[in-house]
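Contents: one structure, followed by commentary.
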Amino acid sequence: MPYNKKTRLFIFLFIGASFFSCTDIIELNLKNTEPKVIIEANLNMSDSSFCATITMSNDFYDSSEFLKLENASVSLQKNSDFAFLIPETEPGVYSKKGIVVNPSDEFLLNITSSEGEKYTAKASAPSPSQILYVIPSPFIPPGSEQNNQTEKYYQIVCAWKDTATVDNYYRIKPYINNTFLSDDYILVNDNYNNGDTILLVTIFEIYPGDTLSLELLTVNKEYYSFFSDVNYTLSQGPNYTTPYNPKGNFSGSAVGYFGIYGLSRFELLIY
Amino acid sequence: MQLNLFSLLYLLIMPEFTISKTFFLFLLFFIIPLVLFSQNFSLTGYVSDINSGEELLFASITTNDNTKGTVSNEYGFYSLTLPKGKYKIIFSYSGYQKKEIEIELYKSFSLNVGLKQIDNEVEEVVVTGERSDKNVTGTEVGTIQIDLKESKLVPVIFGEQDIFKSMQLLPGISSGSDGNSGFFVRGGDSDQNLILLDEAPVYNASHLLGFFSVFNSDAIKDLKIYKGGVPAQYGGRIASVTDIRMKNGNLNRWETSGGIGLISSRLTVEGPVFKNKSSVIFSARRTYADLLVKAFKKEYTDLNLYFFDLNAKANIKFGNKNRLFLSGYWGRDIFGMDFIGFDWGNKTATIRLNHIFSASVFSNTTFIYSDYNYGFDAGFNNFNIALDAGIYDYNFKQDYNWYLKNNRTISFGWQSIYHRFKPMGFKIIQTADSLSEDKITETKIDEQKALESSFYFAEKHTFNNELSAEYGIRFNLFNNIGYAVEKTYNESGEVVDSVTHKNNEFYHHNFCFEPRINITYLINKTSSFKASYSKIGQFLHLLSNSTSGSPTDMWIPSSEKVLPEISNQFSFGYFRNFSDNNYELSFEGFYKLLSNQVDYKDGADAFGNPDIETELVFGKGRAYGLEFFLKRNYGNLNGWISYTLLKSERQFDEINFGLPFSARQDRTHDFSLVLTYKFNPQIISSVTWVYNTGDAVTFPAGKYQIDGQIINLYTERNGDRMPDYHRMDFGITFIFNKNKRFYNELNISAFNVYNRKNAYSITFKTDEQTGKTEAERLALFGIVPSVSWNFKF
C-alpha cells in the first residue's frame, strides 16, 4: 500500500505518537522449541504437477538455512483409489508430474518421516476460474496533489468470473519482473460476489519497463484458511490479534498445508 | 440479628424457585415489625458545601459520643434515627470543617447542613480537615473513593488532569499500556468494568485512542470504585463498578473555571438560576492538535484530529422534598482528512428525581439514555467504503433507601434497560466507470435488541459496636427481543436451521441470581477485619480482535449460545489507621472464579460476519491476589504506596491446547508511589513512580518458511512477558491568588522524567539486508514536558 508524506502524517497522528515515539532493535531472550516439521504441499491442476517441500523450523535467532526433511515416504491417494508414491527429486522436495485432477476430486496425502512420524492431509479440488482481463491505470494517492509525487503507482483491476454453484477461494500472487512479492499476495473469497464477475482493485508501485504478472489461484478451503491464518500472525502488535500457529490441514504436529489449486496467469508490460 | 442472618443464609442455599416466597416472609416477619414498633424520631436532610451548595456524598453524621451515626447517600441525603432526647450531632467530611449542632429531638424534622471547606482560598491544596476513619469502620470492602483534590495534583501526560489516571495508581487497578485509559481491576478484562456517569453507562471511556479519559475533571464531583463487595444496587459487569457523579452547579454564585494546556483547553461555567433553588453547569473541553498543525502547515487544511467533551447539568428544588436533575454528556473523537474519516463517541442523558417520602424513606427515580457508536469512511477514485456500529440503551431505574433505625438501612429498587445493538455493517459503493456499472456491496446485519431487568434488595446493619454487615440479593433477567432470525449451527459453523422471531417477541431468557454480603468486624477503634462474597453476572460482551482493544470493538448480547459471564468473588481485608487517622494501612486479598468467558477463536472472521457467534469460544478463568495500601493523609508531605500481587488466568478448550494461560493483564507485581509535598501554600510539588511486571504476551519461539515468507512459530499463549514497565512523573504547581476573586495556578509537569523506553509493542521481523530476524521495540513516549494554566473566578 503506497503512502505519500501526507498520508504518513495522518497515520502517525492517528496513533497519537507523532512527536514522542521511537523504535529500536532490542535483545530479547526468547524461548527455544524443538524443531517442527513444516510441510508445503501443492497439487497444481493446471499442469497436473504435485510438489511437497518438507523442512524443519529454526530457533528465532538462528540464521542458518532451514533443514530439509529427507528420506520421507510420500504418497498420494486419489478418490479413495490406489495410492502412488511421490519420489524425492531434491533433498526435502518430493514431486511428480502427470497427476490429472478434476474439480471435486478428493486427495489424501500421506507422509511418513524416516523416523516413523506420520502426517496426513485431505483436500478436494476446486473449480478453477480464469482471469478475464487485467487493466492498469496510473494512480495518484489521495491527498498527494500538492506534493511532488515522484513515485509511480498503478491501480490494477483484475477480473475473473466466479463459479456460482460452490464456495470459492482465491489467492492472487503478484510478480514484478518475475520476482514473487511474497508479502503482497491477496486472499479473496466469494462471500459477497457468489457467481459474479469479481473485480479486484489493487495498487502497485511499478516503473515503466517493468513486467507485472498476476497469478490467480483458485484454491481449496484449507489452503485459503492456512494463508488467512498466516496473514493474521504476520500482523503483530497490540492492535492485532494474539498470534498463533496457522492450523493447516495436516494431522499430527506438522505445520503447513496440502493445497490443490487451478492457476491462471496474466502478464502486463508497463510502458 | 441471628434471625436475619439465618434468613439470608437460607436465601443463599435454597432452591431458586422459592426465593420470592421467602423474600416476602423475610419482609413480613423481620422488617415490618421493626417499623411498626419503632418509637424513634428521625433527623433528615442534605449535607452540602456551604459556598457552592454542592451535596457532599458519603459525609459522616454521628452523635458526639460516636455511638450512633450514618453517612449521606450518593445524593447527599442522610437520615439519622434516634430516641427522643438532646443530642450534639457532628457533621463531618474530609477536607471540611466539622460542624456540631445541638438538637432536642422530640419529633422528626429536617436539617440541611452546609460545611465549610478548610483553607478555601487555596482550593487545590490537600487540606487538613476531619480525620475520617471510614476506611476502618465502613462496611465496604474493596472500595475506594477518589479525592478529587489529590487527583488534580498527580502529574499526567500532556498536563491534562485525569481522574482515571489517578485511579489506576491504586491497588488492584492496573492501567493499560502507555496512552491507554483502559484499565483492569483484580485481573478482570477491561470490558468487565461498569463505568457510570450520573448513572448512565459509558461504553468507551477513552479519547484519542486512550491518551485521555472522557471525564473532564472540572465537571466531576465524586468518583467511587468498587473492586469487590459490590453493593446489590449495581450489576451488569463482573470486575468492577466505577460510579462517577457530575457536579450539580453552584447554587449560590456564578463561577467560571478553566485551563489552557499545550494540546487542549477547557472551560466551565456554573451558577444559580434561582439562588439556593436551582443551578446549572456547562463544561467543555477540546484538543487542538489539528489547529496547530494547520497553523504551521498550510497544506493540511483538510486535517481533522481532535476530540471534544460537553457536560451539562441543571437541577431545581421543588420544596423540601423534591429535586429534579437533568444532566448530559456528549463527547466525540474525530480523525480524518478529505479521503478518510474515523469518528467515535458517547452520548448520555440522565433525568433524575429525588423525592423524600418521609423522614425515613428516600427515593430516586431515573431515566437514562446512553449510546456509543463509531463510523468509518474512506474514498478514492470511484470507490467509497463506509462502516458503522453502535450500542444504544434506554434505562429506567427506581431506587429506595429506607432508614429503618439508626443501625439499619434498607435499599431496594429495580431497573430495566432496553438495549439496542447495531452490529458492524459495511457498504462499498462503486460508481460506474469504463469497466463496470454502479455497484453497491453491502452487509447489513440485523439489529439485536434485549431487555435487561433487575431487582435488588440490600440491608446495611450495624449489629453492635464490633460487628456490622451489608448484605443483599440481586435478580437479573435478560431477554432477547425480536425481530431476529435465530440460527442453529453445526460443528463447522454452518447454518443448519433457523427460527424467525417476530418484532418485539421475547424469545430467549437468561437469568442470574446474585447474592452479596460484606461483613466488618471492628477489632478496636483503629483496626478492623472485613470479608465479602459477591456473585455478579454480565450479559453484554465486548468482542475484541486486538490485544489492546480499539474503538471498533463490538458489543454483543447474551443469547442461547453466548451465556452470561459469571464472577464469584471472595475477598477479605485488614484495615488499620495510625496517628489519629493520619495514616491508613490495608491488606486485602481476593479470589475470583470466572465462568462463561468469551473470546474469539484463532483466526476468527469477525469483519461484518452475520454469524459472529460461530467465531467465538467459551471458557473459564480465575484471578487471585493480595493488595497492600499505605497512605498518609495530612501534613506537608502526603501520598500513598500501593502494591498488588496478582495471578489472572483463562482456559478455553480451543486455545493453548486447552491448558490454562495467563490473561494479558496478569501483572504479577504492580507498584505505585505517589508523593505530594507542600513547600508553602503557593507551591506544591508531586512525584509518582510506577513499576509493574510486563504484560503476558505471545512471543515466537522459532520460525519457518512458507512460499518465500518467514513466519514465526509460537508455542504457548501468553507464555512470555513484555519487559517490566517503570516510569517517574513529576509536577509542580504555583498558585497565584493575591486577588481573592481571581484564583489561578500554573502547573509544570514532566511525564517519564528519566526517559525510560517502555515498550508499547514488540514486533518481530526479518532485516531485509542481513536476513536476520530481530525484535523491534516501539516506545510511545520518552520524556514529555508540559505546562498548563488553570483559573477560576
Got a sec? Which of B:Val280, B:Val293, B:Val269 is of a type outside the set (Phe, Trp, Tyr), surrounded by fewer than 19 Cβ atoms within 10 Å (Cβ to Cβ) and away from every other protein chain (no Cβ under 14 Å)? B:Val269
Test B:Thr668 against the stated conditions and say whether it is buried (at least 19 other Cβ atoms within 10 Å of the Cβ), of a type in the set (Ser, Thr, Tyr), away from chain A (no Cβ under 14 Å) and touching a residue at least 12 places away in the same chain (Cβ under 8 Å). no
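Counting just the residues of the stretch A:47-70 that are polar (S, T, N, Q), touching a residue at least 24 places away in the same chain (Cβ under 8 Å) and buried (at least 16 other Cβ atoms within 10 Å of the Cβ), which one comes out farthest from A:Ala254 (Cα to Cα)?
A:Thr53
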Quick one: is A:Ser182 facing another protein chain (nearest Cβ under 9 Å) and assigned to a helix (DSSP H, G or I)? no
In the stretch B:106-132, how many residues are under 18 Å from B:Val71 (Cβ atoms) and at pLDDT 75 or above? 6
Taking the condition among the polar types (S, T, N, Q) and surrounded by fewer than 18 Cβ atoms within 10 Å (Cβ to Cβ), does B:Asn518 pass? no
Check on B:Gly249, in contact (Cβ under 8 Å) with a residue 24 or more places away in the chain and not hydroxyl-bearing (Ser, Thr, Tyr): yes
All but one of (1) more than 30 Å from A:Lys247 (Cα to Cα); (2) within 14 Å of another protein chain (Cβ to nearest Cβ); (3) surrounded by 20 or more Cβ atoms within 10 Å (Cβ to Cβ) hold for B:Leu713, so report the exception by its number. (1)
The stretch B:325-341, subset within 14 Å of chain A (Cβ to nearest Cβ) and more than 17 Å from B:Tyr374 (Cβ to Cβ), residue nearest to the chain's Cα centre (by Cα): B:Met337
Being surrounded by fewer than 21 Cβ atoms within 10 Å (Cβ to Cβ), without any contact (Cβ under 8 Å) to a residue 12 or more places away in the chain and more than 14 Å from every other protein chain (Cβ to nearest Cβ), is that true of even one residue in the stretch B:388-406? no
For a quick check of your reading: which strands (runs of 3 or more DSSP E) sit entirely within the stretch A:39-86 and have at least 3 residues that are within 13 Å of another protein chain (Cβ to nearest Cβ)? A:49-56
Can you name every residue in the stretch B:71-97 that is surrounded by 16 or more Cβ atoms within 10 Å (Cβ to Cβ) and charged (D, E, K, R)? B:Glu74
Of the residues B:Lys772, B:Lys757, which single one is within 8 Å of chain A (Cβ to nearest Cβ), surrounded by fewer than 21 Cβ atoms within 10 Å (Cβ to Cβ) and within 36 Å of the chain's Cα centre (by Cα)? B:Lys757
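Can you give me the ranges of the strands (runs of 3 or more DSSP E) entirely in the stretch B:709-752 with at least 1 residues that are within 30 Å of A:Thr53 (Cβ to Cβ), of a type in the set (S, T, N, Q) and touching a helix residue (DSSP H, G or I) at 6+ places or on another chain (Cβ under 7 Å)?
Qualifying strands (runs of 3 or more DSSP E): B:709-713.
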Of the conditions (1) part of a loop (DSSP other than H, G, I, E, B); (2) at pLDDT 80 or above, the single one that B:Ile103 does not satisfy is (1)
Can you name the number of the only condition in (1) under 24 Å from the mean Cα position of the chain (by Cα); (2) assigned to a strand (DSSP E or B); (3) more than 14 Å from chain A (Cβ to nearest Cβ) that B:Trp344 fails? (3)
Only one of B:Val293, B:Val273 is of a type in the set (A, V, I, L, M, F, W, C), at negative phi, more than 28 Å from the chain's Cα centre (by Cα) and assigned to a helix (DSSP H, G or I). Can you tell me which? B:Val293
Is there a residue in the stretch A:158-170 that is within 11 Å of chain B (Cβ to nearest Cβ) and assigned to a strand (DSSP E or B)? yes
Residue count for the stretch A:82-138, restricted to those that are touching a Leu at 6+ places or on another chain (Cβ under 7 Å), within 29 Å of A:Val201 (Cα to Cα), of a type outside the set (Val, Ile, Thr) and surrounded by 18 or more Cβ atoms within 10 Å (Cβ to Cβ): 1
Name the single residue that is modelled with the highest pLDDT among those in the stretch B:420-465 being more than 25 Å from B:Thr500 (Cβ to Cβ), surrounded by 16 or more Cβ atoms within 10 Å (Cβ to Cβ) and among the polar types (S, T, N, Q). B:Ser454
Could you give me the residue pairs with C-beta distances under 7 Å whose first residue belongs to the stretch B:344-366 and is within 30 Å of B:Tyr106 (Cα to Cα), whose second residue is outside any loop (DSSP other than H, G, I, E, B) and charged (D, E, K, R) wherever it lies, and which are 6+ apart or on separate chains? B:Asn354/B:Arg323; B:Ser363/B:Asp399; B:Asn364/B:Arg352; B:Asn364/B:Asp399
Every residue in the stretch B:622-656 that is small (Gly, Ala, Ser) and within 22 Å of the chain's Cα centre (by Cα), please. B:Ala623, B:Gly625, B:Ser642, B:Ser648
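The values are calculated or read from the model by the stated rules, or taken from the named source; none is laboratory data. No experiment lies behind these values; they were computed from the predicted model shown. All Cβ positions, even for glycine, are placed from backbone atoms using ideal geometry, and neighbour counts span all protein chains on display.
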